[in-house]
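Below is one structure, written out as structure tokens; comments come after it.
The values are calculated or read from the model by the stated rules, or taken from the named source; none is laboratory data. Remember, it's a predicted structure, so these values are computed and weren't measured experimentally. When we count neighbours, we look across all protein chains shown, and the Cβ atoms used for this are built from the backbone with ideal geometry, even at glycine. Just the protein is used for accessible areas: all its heavy atoms, side chains included, with ligands, DNA and RNA removed. Shrake-Rupley method; radii C 1.70, N 1.55, O 1.52, S 1.80 Å.
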Amino acid sequence: TMASPDDLKFQEFEEATDLLLADPGASTLSMSGSSSTALAGATGDIKLDMSDDEGQEESSELLRGEKQTSGFWTFEYYQSFFNVDTMQVLDRVKGSVMPLPGRNFIKHTLQPSPDLYGPFWICVTLVISLAISGNLSTFPNSLGSAHYHYRPQFHRVTIAAVVIFLYAWLVPLGVWGFLTWRQREERQQSGYSFLETVCVYGYSLFIYIPTSVLWILPFEWLRWLLILVAMVISGSVLVLTFWPVVRDDTKVTAFATVATIVVLHALLSIGCKMYFFQTATPTLNHTAAILTNKTH
């Protein structure tokens, strides 16, 4: 019969006792020490392996935590929209003022990381330039007139802010919603996200910042020429961006969508010119006429 482990251990102990009795000066080797050492080494290896596994699990948990998307109520959620450097913003501004045929602004310039940093500051700068340039535009027209009294119109800042930011947010929202609905109806491939739509509209407004500054010059023909140039440049960015998305739709829907985008963009530029850069000459002439009649 096969001996049990207990019997083997007892026999080893008994043989060792007989040897010690026969030769007391013989050297002995303790198996318990080596066994304990081996056991301790094995235990240490197990502990090291377990610690390595725990470290890998912790690192994988950290990686998963980094990839998780934060909620829209957190600061980290909106921080990702402003994660852009200066060179990227300058490159996107350059692309918005130099539209090239066949070059999609979103696919060639914005993707894969559209931002809100550039559009936000473009809108803020345009609001300030419209308000200040609109106030300063009355000086050249009334230069040398003794009846002119300058009155700063601070309410134009509020009006400019409402108009620009509503256009930069509501119009892209409408365009994005309509294109999303049409793609589902026609079972087409997915188009642009809402963030990309807002981004291209924001950058398309950059050309109006230098244009609004040049509107200070008291030449009406020059102002209308500048409007035409700005509308062609910014409108081309929008058309070249959205036409590839709508061209697979029906011809009526495609042309109506692009025409609506261009008309709304033209109404913004013409409306800003008509409101913020009104010619003061008729008012001055009317005031001078009243004063002349009173003297007579």
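Numerical summary
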{"quantity": "For segment 192-261: accessible area per residue (Å², 1.4 Å)", "calculated": "43"}
{"quantity": "Separation of the THR260 and LYS107 label points, Cα + 7 Å toward Cβ, nm", "calculated": "2.3"}
{"quantity": "Computed E for MET98/LEU225 - FRET, C-beta separation, R0 25 angstrom, nearest 0.05", "calculated": "0.85"}
{"quantity": "Spin-label model distance (nm) - ARG184 vs VAL213, 7 Å beyond Cα toward Cβ", "calculated": "4.5"}
{"quantity": "Segment 162-273, accessible surface, carbon-and-sulfur percent (1.4 angstrom probe)", "calculated": "73"}
{"quantity": "Projected label distance in nm at PHE120 and LEU166, using a 7 Å step from Cα toward the beta-carbon", "calculated": "2.2"}
{"quantity": "Descending principal axes extents, segment 192-266, alpha-carbon based, whole Å", "calculated": "45, 26, 14"}
{"quantity": "Peptide ranges 262-268, 163-169 listed from the most packed, as the mean C-beta count within 10 angstrom indicates", "calculated": "163-169, 262-268"}
